[in-house]
Amino acid sequence: MSAAGVPTRAVILAGGLGTRLAPYTTVFPKPLMPVCGKPVLELVLRGLRRQGVRRATLAVGYLEELIRAFFGDGTKLGMELDYYREETPLGTIGVLSMLEELPDPCLVMNGDTLTTMDIAAMTRVHRERRAVMTVATQSREVGIDYGVLETDSDGSIVGYREKPALAYVVSAGVNLISAEARQSLRRAERCDIPTLVTRLIGRGSRVATYHSEAYWRDIGRPSDYESASREFESIREQFDL
């Protein structure tokens, strides 16, 4: 752990195909998509370094050679970088079964998640709750473009809401995962985070949430990518730029 209470090593998921950002990602990996002139993955790494992370393992796959060529060993960012290539897709969390010497807990996050979330505060919550896993969350509203009907068993209308906005608590793509939780993964098992969470809950383990209203943007969709590009100037100082 760093002096600030942040895990000093992180695992960054950077191997996806980025299909929602096609055609940009047809010949270009999503982690290298530029936001205000910098690849989004560089911004992710700068943000983590600023909070005390000193080493990151990049889980790569699609067009990994471009990611390696750009970031190298991390010297230019002032941190240590290494890589794990998934020969076969391991899902969003299976890669942890293949890595050694991970801290407890280990910080795992998506390589396309731009956020100013306080990782030290999240780590404190993880320890105070004695959780085996902590999932960062954000509040989001999803607008429905239609009138939504509520009906009874006879098909009679009992309620009508015109174009409602539905509120949800969503995963922010930032997770703390303990050594105990990682033991639930079989070596080289393809496993996604929802599967691991369900498995842990089924075993009676505590999976906590850390709710944050800090800036957060997943750039996986064109509209969110465009929004991040517009919004970044207001937060750039938090990425040492």
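The values are calculated or read from the model by the stated rules, or taken from the named source; none is laboratory data. Just so it is clear, the model here is predicted, and its values are computed rather than measured. Methodologically, a virtual Cβ is constructed for each residue, glycine included, from the backbone with ideal geometry; neighbour enumeration extends over all protein chains shown. Only protein heavy atoms, including side chains, enter the accessible area calculation; ligands, DNA and RNA are left aside. Shrake-Rupley method; radii C 1.70, N 1.55, O 1.52, S 1.80 Å.
Taking all protein chains as they are arranged and a probe of 1.4 Å, the heavy atoms of L176 leave approximately 0 Å² accessible to solvent.
Over all other residues within a Cβ to Cβ distance under 11 Å of D104, the charged ones net out to +1, with Lys and Arg as +1 and Asp and Glu as -1.
Neighbours of E162, meaning other residues whose beta-carbon lies under 14 angstrom from its beta-carbon, give a summed charge of 0 when Lys and Arg score +1 and Asp and Glu score -1.
So what's the back-of-envelope 222 nm ellipticity for the chain, counting only DSSP H runs of four-plus at -39500 (n - 2.57) apiece and dividing by all residues, rounded to 500? Intermediate values should be presented prior to the final figure.
Numbers: 6 runs with 53 residues, N = 241.
Roughly -6000 deg cm²/dmol at 222 nm, from the helical runs in the chain.
Here the contact order of the range 1-158, divided by its residue count and restricted to Cα pairs under 8 Å and six or more residues apart, works out to 29 percent. Mean projection of the Cα convex hull over all viewing directions, computed for the range 57-115: 4.8 nm². The Rg/Rh ratio for the chain, using Cα coordinates for both the radius of gyration and the Kirkwood hydrodynamic radius, is 1.01. Looking at I235, L96, I144, which one has the Cα that reaches farthest to the positive end of the dipole of the chain (charges on Cβ: Lys, Arg +1; Asp, Glu -1)? Projecting each Cα onto the dipole axis, the largest value belongs to L96.
Based only on Cα atoms, what mean projected area does the convex hull of the range 12-150 have, in nm²?
Computing the convex hull of the Cα atoms and averaging its projections yields 11.9 nm².
Note on the chain: GNM, Cα springs under 10 Å; of P105, P39, P31, the largest mean-square fluctuation is that of P39. Quick one: work out the % antiparallel among DSSP beta bridges in the chain, nearest 5. Here the antiparallel bridges make up roughly 55 percent for the chain.
Using only the Cα atoms of the range 117-241, construct the convex hull and provide its projected area averaged over every direction, in square nanometres to one decimal.
Details: hull surface 49.6 nm².
So the Cα hull casts an average projection of 12.4 nm².
I144 sits among other residues whose Cβ lies under 9 Å from its own Cβ, and their net charge, with Lys and Arg +1 and Asp and Glu -1, is +1.
Counting only lysines at least 8 places from K163 when in the same chain, there are none with an alpha carbon closer than 28 Å to its own.
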